[in-house]
Amino acid sequence: MSLLPHDAASMTFPHEIFDEIINAIPELDESRTTIVGVLSRCALVSKDWLPRCQYHLYSIVYLRMYNNASYTRFRHLLRTLRNTPHISPLVRELTVSDGIEQMPGGILRLLPIFLAWKLPNINTLTLLGEGTRLELHPVFFAALSTAKTLTSLRLVQTRISRTDFHRILAALPQISHLKLDGVAWQDLRESCVLQWPGYRPNIPRLTSLCMTDIPKADTEYAPFTYRPYMLLLLSVLGPTVDTLLLDIDAFYKNANIKHELPNVPPILFFERLRSLTLRFCWKFKPTESPPEGLLSFLDRLKAPSLQTLHVVLQIRPKHELGDPAALFEVAKNIDIYATRVSPLESLKILFIFDLNFLLEWNKESFKERLLDNFICHPAFAKWRTSSRLYKRGVLNVKVSIVKLMLDQPRDTGFWDVTLWEYQSSADKDPAPGPLPLKISTMPAYSYGVDFERLIPKLFSY
């Protein structure tokens, strides 16, 4: 009996080799759409390849619920979970993106009810509301409590009340990782002033907290008025965390803050905090002073156990370049703060020049001017000679230029990155470099620099 070509190929090498190759596919710096396509084709090669391909295909499930036709995908998922029992345990991460304005909350308000007891190994749930108001079904919270293995919850670009938010946390006492990205609080003023100070009923003991795009509330709140509410949220959610990732754009203009709310904590005390990443979006202009709001936040922060501090200065340049010395003045002040944290083992400062806010014709010329005027600037050499942390090797400084490239259709894309690193052992600046990179991103982050994909990778290179 003759063998088919793919069967003969499968007999040539041990199955473990094919499994390792398939395991490497999700790690590629490609869009999720590309990875799913490759895995789907591999699944058709041989029945021996199918289990490993299914493992990766169903490990991350992403549902986009933008129109009535998209509900077909959701029904197909439910049918697959019902008729193919071995698939259900494979799902570890589920992201549902719901942007249907005609149905408040859309599928999100019913999602746990549909999936109760069907995903025994799910550990990460992301609810992406695309700015819609999240009106939850009364049975939502009871159904959500069936997800006993869920340890990570992400709420992205959605509007929710404080009451519903607390009920979600109460339904998931095992949650240890919480991400709030662009969450708008419908009753922010009333709930914060009257009920949040010292209020922690049924709040899980979080070990990791990520709050990004946080100057978001109903339209009556400007970013600088959001600052006291952000401090209250941190005082409630943050005392137990050891890892904190935080946007502090609410501190953009320290001088604009006329008064504080009652009971706003003057000091943020994080006794267990080991790792802190701060992102500050700086709309850099030629005449703009350094971001005093960033330094104000650091002065308020008390973290006696802090070991790693990452500071990301995301710069959205206008048509003119500002004074490069101002950038390094900010870095020097961060350095001064860090010297007061005795356990600190690593301080990393990352400058991200985000070119997506420039006109297309101006991007390349602006990039050239950055190389000439910013990357090798005397201000850095002067700072290096005076920085104790830099000379000890604790301080690491990187500069990157990023530009978002979207796939068609606009489902996924990648960041086109040029990266430089200043090293304490280098005789010339920068070294090594430049390093060209291509880093994939997801639809939820198509228009902004994201914590979970771009920033950690830039720090790791």
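The values are calculated or read from the model by the stated rules, or taken from the named source; none is laboratory data. All figures in this text were calculated on a predicted structure; none of them were measured in a lab. When we count neighbours, we look across all protein chains shown, and the Cβ atoms used for this are built from the backbone with ideal geometry, even at glycine.
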Next on the checklist: So residue 326 ticks every box in (1) modelled with pLDDT of 65 or more; (2) surrounded by 16 or more Cβ atoms within 10 Å (Cβ to Cβ); (3) under 24 Å from the mean Cα position of the chain (by Cα) but one. Which box is left unticked?
Outcome noted: (3)
Checklist entry - Pairs under 6 Å by beta carbon, first residue of a type in the set (D, E, K, R) in region 161-181, partner not in a helix (DSSP H, G or I), six or more apart or different chains? => result 162/187; 164/136; 179/154; 179/210; 181/156; 181/212; 181/213
Item to check | Residues within region 17-32 that are closer than 30 Å to residue 417 by Cα and buried (at least 16 other Cβ atoms within 10 Å of the Cβ), tallied | outcome: 6
Checklist entry - Which one is modelled with the highest pLDDT among residues in region 216-230 that are among the hydrophobic types (A, V, I, L, M, F, W, C) and under 20 Å from residue 158 (Cα atoms)? => result 230
